[in-house]
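Visitor: First, the structure itself, so that you have it in front of you.
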Amino acid sequence: MTASPGSPPATTAAVLATRAGGPEVLELREIPVPVPGEGELLVRVAAAGVNFIDTYRRSGVYRIDYPSVLGSEGAGVVVDAGPGTEGFAVGDRVAWSDAPGSYAGYVVVPAERALAVPAQIDLEVAAALPLQGLTAHYLATSTYPIRDGDQVLVHAGAGGVGLLLTQLAVARGARVVTTVSTEAKAELSRAAGAHHVINYRELTDLSAELPPLVRAATEGGAHVVYDSVGKDTFDASLASLRRRGMLVLCGGSSGQVPPFDIQRLNSSGSLYLTRPTLGDYTATRAELVERADELFDAVLAGRLSVRVGARFPLAEAAAAHAALEGRRTTGKVLLLP
Ligand code: NDP
């Protein structure tokens, strides 16, 4: 059906995970454009963020019903608004981190979770920021509030979360050590402010070889390790901490960490271990908006640089997933409807 000028069309392209599996289970299909209900905005998606959690949902690591439109992050323009969406209007530019079905031309976003995008911020940058940016923000300010002079280890320093977290940690006065897998990624990590970069792919035994390198680079061990890599780095991360340090296990890019003997925290130096998730640090609108506003302000002031490392057409979502899982991406990966 042809849409009248300004109104949304009847159908839109969307990427669905048809069953649990590899990138090949992703299919581009035409689906009905959703109708916004109470408290909901209908948004024309300018760019959708690709995140590791999308791959967990696609592969079955996190359970979802199939078929299901993937994606939860993006930015775009409001084209319709249901009742109870005061504060937003048709034509507004918004971004979001948690609207299911964002790999599509149109998506419904709860007004409660929509972020007003400042006029000077490009919609691609706005789409690149919410999920990884809010994550970097809560990790650096709340999970472990980084203090001036702290020694910090960030794994996957050239990744989406890694580049943003490095910048926020440096801005808070930390000395930041990162791990990366290539020299090109090392350069990006240094440009984000990392003081010392370790290529962990050159090490044959991460658990034995990485901790001494980190200890040498951090005057005896890190106050905090942000470990988004998970299975492959977990043991090395624990051994890289100084006494009473904190391991923030924030992801599983290499696989999930198996069950853990809590006595290891005792014998390794009264360590802390936490496994945080974004939803618990943006549970209220006030907290969500406060974090997002700080990020947007930092971008506007030139204090935070957002790297969009790759853009794929919506139809090539499978290639985007393969690149992310294959360690071939840096910064943010976007899908463009
Ligand atoms: P990244 O851009 O960081 O991509 C993942 C990176 O992990 C790769 O580029 C790679 O960097 C590194 N890596 C190391 N080993 C592997 C492996 N075996 N397979 C794939 N990648 C590997 O992704 P994101 O920034 O989107 O997310 C990073 C992590 O943070 C994810 O695990 C994600 O689930 C998690 N996350 C957690 C949140 C939370 O609230 N807890 C919220 C958002 C993200 P290199 O080549 O340098 O090794």
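Quick grid of which residues meet (1) in contact (Cβ under 8 Å) with a residue 40 or more places away in the chain; (2) under 22 Å from A236 (Cα atoms):
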{"site": "A136", "(1), (2)": "no, yes"}
{"site": "L139", "(1), (2)": "yes, yes"}
{"site": "Y144", "(1), (2)": "yes, yes"}
{"site": "L153", "(1), (2)": "yes, yes"}
{"site": "G160", "(1), (2)": "yes, yes"}
{"site": "L168", "(1), (2)": "yes, no"}
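Visitor: Oh, and also: Of all residues in segment 266-301, count the ones that are over 19 Å from the mean Cα position of the chain (by Cα), open to solvent by 60 Å² or more (accessible area, probe 1.4 Å) and either in the same structural domain as G220 (by TED's automatic domain parsing) or under 28 Å from R242 (Cβ atoms) (or both).
Guide: Number satisfying all stated conditions: 5.
Visitor: What's the number of the condition G326 fails, among (1) on the phi > 0 side of the Ramachandran plot; (2) open to solvent by 30 Å² or more (accessible area, probe 1.4 Å); (3) within 16 Å of the ligand (Cβ to nearest atom)?
Guide: (1)
Visitor: If you don't mind, there's one more thing I want to ask. Looking at (1) more than 13 Å from the ligand (Cβ to nearest atom); (2) open to solvent by 30 Å² or more (accessible area, probe 1.4 Å), which is the one condition that is false for R307?
Guide: (1)
Visitor: Kindly provide the set of residues from segment 118-145 that are part of a loop (DSSP other than H, G, I, E, B) and surrounded by fewer than 24 Cβ atoms within 10 Å (Cβ to Cβ), ordered by number.
Guide: Correct list: P118, A119, Q120, I121, D122, Y144, P145.
Visitor: Looking at (1) touching a Gly at 6+ places or on another chain (Cβ under 8 Å); (2) surrounded by fewer than 24 Cβ atoms within 10 Å (Cβ to Cβ), can you tell me which one L164 breaks?
Guide: So the condition that L164 fails would be (2).
Visitor: Scan segment 209-246 for residues that are buried (at least 16 other Cβ atoms within 10 Å of the Cβ), within 13 Å of the ligand (Cβ to nearest atom) and either part of a helix (DSSP H, G or I) or of a type outside the set (F, W, Y) (or both) and report the count.
Guide: 10
Visitor: Further question: Given the condition away from the ligand (no atom under 14 Å from the Cβ) and charged (D, E, K, R), answer yes or no: does some residue in segment 278-288 qualify?
Guide: Yes - at least one qualifying residue is present in segment 278-288.
Visitor: Residue check: is T179 surrounded by 18 or more Cβ atoms within 10 Å (Cβ to Cβ), in the same structural domain as S267 (by TED's automatic domain parsing), polar (S, T, N, Q) and closer than 19 Å to G160 by Cα?
Guide: yes
The values are calculated or read from the model by the stated rules, or taken from the named source; none is laboratory data. This is a predicted model, so every value here is computed, not measured. A quick note on method: Cβ atoms are made from the backbone with ideal geometry, for glycine too, and the neighbour counts reach across all protein chains shown. Surface accessibility is based on the protein's heavy atoms, side chains included, excluding ligands, DNA and RNA. Shrake-Rupley method; radii C 1.70, N 1.55, O 1.52, S 1.80 Å.
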